[in-house]
Amino acid sequence: MRTISGVSLKALACAVPGQKFTLTEYAPNLVDEKSARQIENVSGFRELRISPDEMTTSDLCVPPAMMMLDDFGRENVGAVVFVSKTPDYVSPATSHILQARLGLPSSVLCLDINEGCSGFVAGLYVSSLIAGKINAPVLLCGGDTNSKLTSPNDRATRCIFGDAGFAGIVAPETGAGDTPFRFANFGERAYSIIMENSRHRITGHPRNNGCYFMDGAAVMNFALTEVPAAVRGILTESGYVVDDITLYAFHQCNRLILSAVAKKLGIPPEKSPFTAGDTGNTSSASIPLLLADVAGNADMRRVICAGFGVGLSVGVCIADFSRTKFFTTTEI
Amino acid sequence: MDIKDFTAKFAAQFFETDPSEFKPETVFKELDEWSSLSLIQMIAMIDAEYRVTVDGQIINQAETIQDLFNAVCELKK
């Protein structure tokens, strides 16, 4: 476990594409009304937020980032961290694009992190480390245009992924308490969620050539073993029990996995909400979207964020978001 | 663990298929409603009800509900 003190998430905002589709609208070649209903019953996804062709991940980050900067100022920002597996370009890093688009000082550190569903926790950790070390606010941006990397012929990915972006300010705060983090990585299982032949490693018989392939059974097996282990681990090391946590913000992979993991840990459904029914699985943006959705009604004092997925990787933290300012999600 | 109970829990994962279609000897991958989603539903059901986390291969290798039941019993030993 790694604990960071004296730094907090000051504010968070999200954006989703205004365009959304039901499964039968979006993938008529893959599902009919009956199979769409079956998928909805299990996954919980009724609609997917889908970016238009010309919309990139930075486009989904700019409106929420502007809200952050209008509130907290641009001049003092020390770094911009961008977490995504769908950057605008292979090069340059999208954090450079954001620095210019957002009018951030030329002195900022620009840092891209290639991470998916555990990315919000990884980004929060890296941003907290930087903010604490340089004693300046860090703009944390992220999200994905997943729909651009799902094969139109692959039901397993096409019918669950949606697009979204987020931005937050991570800054030093006198009196901010401890935020424990814990990571668990399983690179040997990387092939369970992978875009084969997407770059330089070429395989002869790629699954979903260049687009996401997901081995659903392997992912379920991983989620049911490694996520409870990571959550139990951070609880034990922090001296908490399951009931001490006010909210479990699990990555919104799908309702089946989320409820199975929560049930296994003995977490009541009201403390582990699923709110992605009309957005889809938005990878690193799913925890920010959930937090923004429930912030007005939930007890945010002791929140476990648990991201898990591509890597395969798990990232968990226990954070106090009771003083964090959450903005209403923007449609763009 | 008994096969009757297991078959009922197996059947409860389906929404459209008549429960009477589920018997120990049912070749479940031939059911209209069986899909890759059913596979992950079964992993979740077996984990929750029998406290064994099976991998997809165990389910793929089973022909009938009885085969899967036997595999879960074997893993629990």
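The values are calculated or read from the model by the stated rules, or taken from the named source; none is laboratory data. If you're wondering where the values come from, they're calculated on a predicted model, not measured in any experiment. All Cβ positions, even for glycine, are placed from backbone atoms using ideal geometry, and neighbour counts span all protein chains on display. For accessibility, only protein heavy atoms count, side chains too; no ligands or nucleic acids. Shrake-Rupley method; radii C 1.70, N 1.55, O 1.52, S 1.80 Å.
Across the range A:304-322, not a single residue is classified as touching a Phe, Trp or Tyr at 6+ places or on another chain (Cβ under 6 Å) and surrounded by fewer than 24 Cβ atoms within 10 Å (Cβ to Cβ).
Whenever a residue of the range A:209-222 is more than 14 Å from chain B (Cβ to nearest Cβ) and at pLDDT 90 or above, its partners that are in a loop (DSSP other than H, G, I, E, B) and open to solvent by less than 30 Å² (accessible area, probe 1.4 Å), lying with C-beta atoms within less than 7 angstrom and at least six residues away or across chains, give the pairs A:Y212/A:T150.
Determine, yes or no, whether A:G233 is in a loop (DSSP other than H, G, I, E, B), more than 12 Å from every other protein chain (Cβ to nearest Cβ) and surrounded by fewer than 20 Cβ atoms within 10 Å (Cβ to Cβ). No. Could you tell me which residue of the range B:52-65 is farthest from B:W34 (Cα to Cα), considering only residues that are more than 9 Å from chain A (Cβ to nearest Cβ) and open to solvent by 60 Å² or more (accessible area, probe 1.4 Å)? Looking at the filtered set, the residue picked out is B:Q61. The residues in the range A:255-278 that are open to solvent by less than 20 Å² (accessible area, probe 1.4 Å) and either assigned to a helix (DSSP H, G or I) or modelled with pLDDT under 95 (or both) can be counted, and the count is 6.
Any idea which of B:A12, B:A8, B:A44 is within 14 Å of chain A (Cβ to nearest Cβ), within 19 Å of A:V42 (Cα to Cα), among the small types (G, A, S) and open to solvent by 20 Å² or more (accessible area, probe 1.4 Å)?
After ruling out the rest, the residue left standing is B:A12.
Residues checked against (1) in contact with a Pro (Cβ under 9 Å, 6 or more places away or on another chain); (2) on the phi < 0 side of the Ramachandran plot; (3) open to solvent by 40 Å² or more (accessible area, probe 1.4 Å); (4) without any contact (Cβ under 8 Å) to a residue 24 or more places away in the chain:
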residue	(1), (2), (3), (4)
A:R155	no, yes, yes, no
A:V170	yes, yes, no, no
A:F186	no, yes, no, no
A:R189	no, yes, yes, no
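Looking across A:C117, A:C110, one residue alone is open to solvent by less than 50 Å² (accessible area, probe 1.4 Å) and out of contact with any Phe, Trp or Tyr (no Cβ under 7 Å at 6 or more places or on another chain). It is A:C110. All of B:L37, B:L68 fail the test of being aliphatic (A, V, I, L, M), under 23 Å from B:F15 (Cβ atoms) and at the interface with another protein chain (Cβ under 9 Å from one of its Cβ atoms), apart from B:L37. Residues in the range B:17-28 that are open to solvent by less than 70 Å² (accessible area, probe 1.4 Å) and either in a loop (DSSP other than H, G, I, E, B) or under 26 Å from A:E33 (Cβ atoms) (or both): B:T17, B:F22, B:P24, B:T26, B:F28.
What number of residues in the range A:52-82 are under 24 Å from A:R155 (Cα atoms) and open to solvent by less than 10 Å² (accessible area, probe 1.4 Å)? It would help to see each step written out before you state the result.
Let us first name the residues in the range A:52-82 that are under 24 Å from A:R155 (Cα atoms), namely A:52-57.
Okay, now just the ones that are also open to solvent by less than 10 Å² (accessible area, probe 1.4 Å), so A:57.
Of the residues in the range A:52-82, 1 are under 24 Å from A:R155 (Cα atoms) and open to solvent by less than 10 Å² (accessible area, probe 1.4 Å).
Residue count for the range A:191-225, restricted to those that are assigned to a helix (DSSP H, G or I) and either surrounded by fewer than 18 Cβ atoms within 10 Å (Cβ to Cβ) or out of contact with any helix residue (DSSP H, G or I) (no Cβ under 9 Å at 6 or more places or on another chain) (or both): 2.
Any chance you could count how many residues in the range A:240-284 are of a type in the set (F, W, Y) and either more than 21 Å from B:I40 (Cα to Cα) or within 12 Å of another protein chain (Cβ to nearest Cβ) (or both)? First the steps, then the outcome.
First pass over the range A:240-284, keeping only residues of a type in the set (F, W, Y): A:240, A:248, A:250, A:274.
From the residues that got through so far, the ones that are either more than 21 Å from B:I40 (Cα to Cα) or within 12 Å of another protein chain (Cβ to nearest Cβ) (or both) too are A:240, A:248.
Summing the residues that are of a type in the set (F, W, Y) and either more than 21 Å from B:I40 (Cα to Cα) or within 12 Å of another protein chain (Cβ to nearest Cβ) (or both) in the range A:240-284 gives 2.
Residues of the range A:218-239 that are of a type in the set (G, A, S) and in contact with an Asp or Glu (Cβ under 9 Å, 6 or more places away or on another chain): A:A218, A:S238. The residues of the range A:28-51 that are within 14 Å of chain B (Cβ to nearest Cβ), over 21 Å from A:L258 (Cβ atoms) and buried (at least 18 other Cβ atoms within 10 Å of the Cβ), listed by number, are A:L30, A:V31, A:S35.
With respect to A:I97, is the statement that it is of a type in the set (V, I, T), in contact (Cβ under 8 Å) with a residue 12 or more places away in the chain and in contact with an Asp or Glu (Cβ under 6 Å, 6 or more places away or on another chain) true? So A:I97 fits the description; yes.
Here are A:G175, A:G103: which of them is at pLDDT below 95, at positive phi, surrounded by fewer than 24 Cβ atoms within 10 Å (Cβ to Cβ) and among the small types (G, A, S)? Walk me through how you get there before you give the answer.
On the way: A:G103 fails: at pLDDT below 95.
Of A:G175, A:G103, the one residue that is at pLDDT below 95, at positive phi, surrounded by fewer than 24 Cβ atoms within 10 Å (Cβ to Cβ) and among the small types (G, A, S) is A:G175.
Of everything listed in (1) outside any strand (DSSP E or B); (2) closer than 25 Å to A:T22 by Cα, the single unmet condition for A:A164 is (1).
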